[in-house]
Amino acid sequence: MEFRGAKHREEAAKLAAVLFNGVAIACFIGASFGPLLNTALPWGWRSLALLAAAALLHAAAQAVLMLGYRKDCE
């Protein structure tokens with residue numbers, strides 16, 4: 001993707017980070033409240049996998065922000 005300038009790159013980074021964090025929040029809610037709300041979903045490896053996915057997606061969002069704001073991170 002070609003950016004028109006620094007402001008465009010920063011806005012694209014914020015948008016991508018919001019997207020990643022939104023999916024991370026959905027994974028976290030599914031891992032923590034899914035088994036509480038639906039008794040057919042047992043606590044176990046699936047909840048742990050969703051929790052790990054939430055952590056990885058949040059870390060990816062942080063990495064996107066760091067790449068978008070390179071000059072501020074130096």
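The values are calculated or read from the model by the stated rules, or taken from the named source; none is laboratory data. Values in this document were obtained by computation on a predicted structure and should not be read as measured data. Cβ placement follows ideal geometry from the backbone for every residue including glycine, while neighbour counts extend to all protein chains displayed. These area figures cover heavy atoms from the full protein model, side chains too; ligands, DNA and RNA do not enter into them. Shrake-Rupley method; radii C 1.70, N 1.55, O 1.52, S 1.80 Å.
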Identify, please: which residue in the range 32-48 is of a type in the set (A, V, I, L, M) and without any contact (Cβ under 8 Å) to a residue 12 or more places away in the chain and is, among those, surrounded by the fewest Cβ atoms within 10 Å (Cβ to Cβ)?
-> ALA40
Looking only at the range 52-74, count how many residues are surrounded by 15 or more Cβ atoms within 10 Å (Cβ to Cβ) and part of a helix (DSSP H, G or I).
-> 9
Mind listing just one residue for me: the one in the range 1-17 that is of a type in the set (A, V, I, L, M) and in contact (Cβ under 8 Å) with a residue 12 or more places away in the chain and, of those, most open to solvent (accessible area, probe 1.4 Å)?
-> ALA6
